[in-house]
Structure formats: structure tokens, C-alpha cells
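Here's the structure we're looking at; comments come further down.
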Amino acid sequence: MTDSTDFEAIEGFREQILQEYPRLGPADTFTFACHPGVTCFNDCCGDVNIFLTPYDILRLRARLGITTEEFLDNYTISPFTKKMKFRVVMLKMKDEGRKPCPFVTEQGCSVYEDRPWPCRMYPVGSAQSHGAVTTDEDFYFVLQEGHCHGHEDSQAREWTIGDWIADQGADEYDEANRWYRDIVTHPFFRGPEEMSPQKMEMLEMGCYDLDKFKRFVLESPFLQRFEVPAERVEQIKTDDKELLRFGAEWVRFAVFGEPTIKINKAVLEAKAKRMGIDPPENL
Ligand code: SF4
Ligand code: SF4
């Protein structure tokens, strides 16, 4: 799922937003309508950079009836530059004509109920780095792009930013992704430590390839090595939001070295015995 992306252009646009766009809050308003009757219908669903969050990936793979691994392989690119400490995942546009989104049809978005966070939010954006998740310091802005006629459509009505987010179901996505937000904003990424290939693999599995992570938890000796209550194991099996949350705890444990997951006491004692030392209370 690798490809090249013009990150300099994306970064330049982000700088422009930070410097030039009015900083809006949930109570600020804008006027807009988007519906199949707009003259620009579908114009925004091609040749566009859509960063995917873990919850976007979970929703889309469930919609398509495939695994996260199949979704990542077939529908995403994962650009990487020397400046980045972890990969981002983006929706892969088709390599034909106007580079349409793989999910756009003449009738509109074929995955509308499970469309990604940026598609829900448009024309509202949230200023933060990579990952499309909101933090307390974020602000909102409204994009006014030449191709989008929704701002002057005859059905356009006034929205507050907060009402728009709720109407589009983006608040559920923000809530589900808040564990991922804690990872992408973690101080580890501002420190000097380089990501080893092993840590990178752990991070990508725990954030993006969550079906693989689920198999790792349920089908390896994981549950013998770590203490996970039986009730939680059941939730991880059936609830994608809980899987996402446990994936984030795993990344914090395996990549950042935080005690978010408890090692089985018997494993700690056996290890201490082999090393001829007293067992630690916990890691
Ligand atoms: S996922 Fe749907 S709304 Fe988003 S770009 Fe593709 S077709 Fe458009
Ligand atoms: S009004 Fe804007 S968001 Fe809606 S289809 Fe047109 S370009 Fe896309």
C-alpha cells in the first residue's frame, strides 16, 4: 500500500490554512447545501487527498465485507517521507481519467453511510497535523473551493459548525478515534528516538490493520503472556470500537513503553527466575 504523494503541496496548503483562514469554533456559522441536484454533484469525489483514520478503515472494511488487510492492500496508499515517524493511510484514487474515488458512482457515494471522516466534514476542516482527528487545540475552518457550488446553492441554509458535525455523524468518528489521537500527538514523536522497523510494524498493526491485530491477540500466546480480563476479550472479539481502543493501548505499550497492558505475573516471575533477580511489581 505504498505510493508517492505530494506532501510538500499538502504541507503548503496546511500552512496557508494556519495563516490565512478564519479560525472558527463550534458556534460559528456558514451557509451550505449538498444534494444530488447541485450542479457540481460528485465533482469533489476524485483526485483528492483523503487521510483515513483507524475508525474510517474499520467502517469501510465492514461495509465492503473484507478484512482490514484486504482493505489496506486494495484501497489505500501509505506515503512515507524521511520527515515522518509513522505512516499515514490515504484512500487510493483510481488511476484513470479524472482519478475518481473507487466508491463514487453516478448516483453519488456508494459507501455513504460509512464514508470517511473528511468526506463527512467537507466543506468544514479541522486544523491539525496528520490523522484527521480533533484535539482541544484544534480550530475549524470552512473551505470555499471554486468547483464546489454548495455555498451558493438555492437550498443552502445556515449551519453552525457544531450542528454540521452532528448532522454528518462526524462526532461519532471523533469519539472512536480519540485513542488514535493520543498516539499521533504523543511526545514520543517529538523526541529523538527513531522508529525501529519492529516498532513501525507494531504501530501499523495496532492502528490500521486491526483485524490482523485481533488475530494476534486471540490466536497467538498473547492472552497467556498478558493479563486481559475475559469480559474485555469478548468485547475485543465483537466490538470494533473496543478493538480500536485495545490496539491503541498495545501501541502505547509496545512502541512507547508505557504500562498500558499488564504482563502476566507468572511470565514475569519465570523471567525473573531465569535472570536470578526478584520479580518486578509490573513493567
Ligand atoms: S468515499 Fe464517498 S464521499 Fe468520499 S470521496 Fe469517495 S465517493 Fe466521495
Ligand atoms: S456541493 Fe460541494 S461537496 Fe457537494 S457535490 Fe458539489 S463539490 Fe461536492
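Read-outs throughout are calculated quantities, based only on the coordinates presented, and are distinct from any laboratory measurement. The structure displayed is predicted, hence computed values, not measured ones. Because the Cβ atoms are built from the backbone with ideal geometry, glycine has one as well, and the counts that use them run over all protein chains shown.
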- request: Report the FRET efficiency, 1/(1 + (r/R0)^6), for Ala156 and Ala27, where r is their Cβ-Cβ distance and R0 is 25 Å, rounded to 0.05.
  value: 0.85
message: Ignoring trypsin sites (Lys or Arg not before Pro) that are buried or in helix or strand per DSSP, and keeping those with at most 15 other beta carbon atoms within 10 Å, what is the longest stretch of the chain between them?
response: 99-283
query: Given a cut-off of under 8 Å on Cα pairs at least six residues apart, what relative contact order in percent is computed for the range 149-251?
result: 34 percent
message: Bin width 5 Å, origin at 0, all Cα-Cα pairs of the range 193-275: what percent of pairs per bin?
response: 3, 15, 23, 26, 17, 11, 5, 1
- prompt: What FRET efficiency, computed as 1/(1 + (r/R0)^6) with R0 = 51 Å and r the Cβ-Cβ distance, is obtained for Leu143 and Arg274, rounded to the nearest 0.05?
  reply: 0.30
statement: Violations at 30 Å Cα threshold for listed pairs Lys83/Lys212; Lys82/Lys262; Lys82/Lys271; Lys237/Lys262; Lys99/Lys199 -> Lys82/Lys262; Lys82/Lys271; Lys99/Lys199
task: Note down the net charge around Arg225, summing +1 for each Lys or Arg and -1 for each Asp or Glu among other residues with Cβ under 12 Å from its Cβ.
output: +2
- prompt: What angle, in degrees between 0 and 90 and rounded to the nearest 10, separates the Cα long axis of helix 240-254 from the longest principal axis of the Cα atoms of the chain?
  reply: 60 degrees
query: So how tilted is helix 210-219 from the main axis of the chain? Cα-based, degrees 0 to 90, rounded to 10.
result: 20 degrees
statement: Placing each pseudo-label 7 Å from Cα in the direction of the beta carbon, Asp95 and Gln107 end up separated by a distance in nanometres of 3.0 nm
task: For Met200 paired with Glu175, estimate the spin-label separation in nm (one decimal), with each label point 7 Å from Cα along the Cα-to-Cβ line.
output: 3.6 nm
- prompt: Who wins for biggest fluctuation among Glu231, Glu172, Glu152 in a Gaussian network model of the chain, springs between alpha carbons below 10 Å?
  reply: Glu231
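Can you tally the net charge around Glu152? Count Lys and Arg as +1, Asp and Glu as -1, for every other residue whose Cβ sits under 14 Å from the Cβ of Glu152.
My count for the surroundings of Glu152 gives -2.
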MRE, 222 nm, helices only [DSSP H, n ≥ 4, -39500 (n - 2.57), over the chain, to nearest 500]: -12000 deg cm²/dmol
query: Over the chain, what relative contact order in percent results from Cα pairs under 8 Å that are six or more residues apart?
result: 21 percent
query: Can you tell which of Thr29, His149, Trp179 lies farthest toward the positive end of the dipole of the chain, using +1 and -1 charges on the Cβ of basic and acidic side chains (Lys, Arg; Asp, Glu)?
result: Trp179
- prompt: Between the helical axis of 265-275 and the dominant principal axis of the chain, each derived from Cα atoms, what acute angle in degrees is found, rounded to the nearest 10?
  reply: 60 degrees
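Taking the range 7-180, how much of its Cα-Cα pair set, in percent, is spaced more than 21 angstrom apart? Each step should come with its number before you reach the end.
On the way: 7668 of 15051 pairs.
Roughly 51 percent, rounded to a whole number.
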